[in-house]
1. For the residue pair A:SER80 and A:ASN28, what label-to-label distance in nm results when each label sits 7 Å from Cα along the Cα-to-beta-carbon direction?
2. Return the aspartates and glutamates within reach of B:LYS54: Cα separation strictly under 14 angstrom, same-chain partners fewer than 8 residues apart disregarded; answer none if there are no such residues.
3. What do you get for trypsin sites (Lys or Arg not before Pro) in region B:15-94 restricted to DSSP loop and a cutoff of at most 10 other Cβ within 10 Å of the site's Cβ?
4. Going by how many other beta carbons lie within 10 Å of each one, how would you line up A:PHE95, A:PHE74, fewest first?
5. Between region B:21-75 and region A:35-55, what's the alpha-carbon centroid distance in Å?
6. Please arrange B:SER79, B:SER23 by how many other C-beta atoms lie within 10 Å of their C-beta, fewest to most.
7. For A:VAL4, A:VAL60, A:VAL21, A:VAL54, what ranking results if the residue with the fewest other Cβ atoms within 10 Å of its Cβ goes first?
8. Would you kindly derive the ³J(HN,Hα) couplings of region A:81-88 from the backbone phi angles with the Karplus curve 6.51 cos²θ - 1.76 cosθ + 1.60 (θ = phi - 60°), listing them in order in whole Hz, with x for Gly and Pro?
Amino acid sequence: EAQVTQNPRYLITVTGKKLTVTCSQNMNHEYMSWYRQDPGLGLRQIYYSMNVEVTDKGDVPEGYKVSRKEKRNFPLILESPSPNQTSLYFCASSFPGGNTEAFFGQGTRLTVV
Amino acid sequence: LAKTTQPISMDSYEGQEVNITCSHNNIATNDYITWYQQFPSQGPRFIIQGYKTKVTNEVASLFIPADRKSSTLSLPRVSLSDTAVYYCLVGDIMQAAGNKLTFGGGTRVLVKP
């Protein structure tokens, strides 16, 4: 089954404690990205990757890091989480082009206290 | 990227047809129109995509007039499980900036019994 898998689904952590949210896709998609969703602000892109070893900033990259060492995986790293990073995070993947279907993961609800 | 405007919310009843119109006055020649559905705390899910005229799949129909400045998503005979937020997106097939999906506020559809 074609899918994007994120882990964990829920995470509560403390300020400053490094964490990684994993994302994996099984569709051989070149393009992967991370979004955060906040009430009233909609979905905003954090980082994206157009292929292995190619990553770039989205609209809200501050406080996040990513890596793309393998085509299927695109982890999101918070080196020093802060409460303003409390949000619902989604990973997405697709083939290139604005007319392609993007597949989203189930989401990771992160709370930073 | 073309900006989209859609109603904030719509109410309907089970068995009725729901039509959501999206305005995209600045749509460019290379832009496709795509609709996503999002249930609470889940990732967006692709519904339908089109370039012009009418597209139909097992879930919905998409009507695009000749000037392409608007589009209408039609959900036939909705059920309670169609209660969700529906997003209209416009994307460039030649897009090089990482397939960024620009989500607006979406339309919150509430289906009542």
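Nothing in this text is a laboratory measurement; each read-out follows from the coordinates by a stated rule. None of these values were measured; they are calculated from a predicted model. Heads up, the Cβs are rebuilt from the backbone with ideal geometry, glycines too, and the neighbour counts pull from every protein chain shown.
1. So the two model labels end up 4.3 nm from each other.
2. Qualifying aspartates and glutamates at Cα under 14 Å: B:ASP67.
3. The qualifying sites are B:ARG77.
4. A:PHE95, A:PHE74
5. Computed from Cα coordinates, the inter-centre distance equals 22 Å.
6. Going from least to most buried by this count: B:SER79, B:SER23.
7. A:VAL54, A:VAL60, A:VAL21, A:VAL4
8. Per residue, the Karplus-derived 3J(HN,Hα) values read x, 10, x, 6, 9, 5, 5, 9 Hz.
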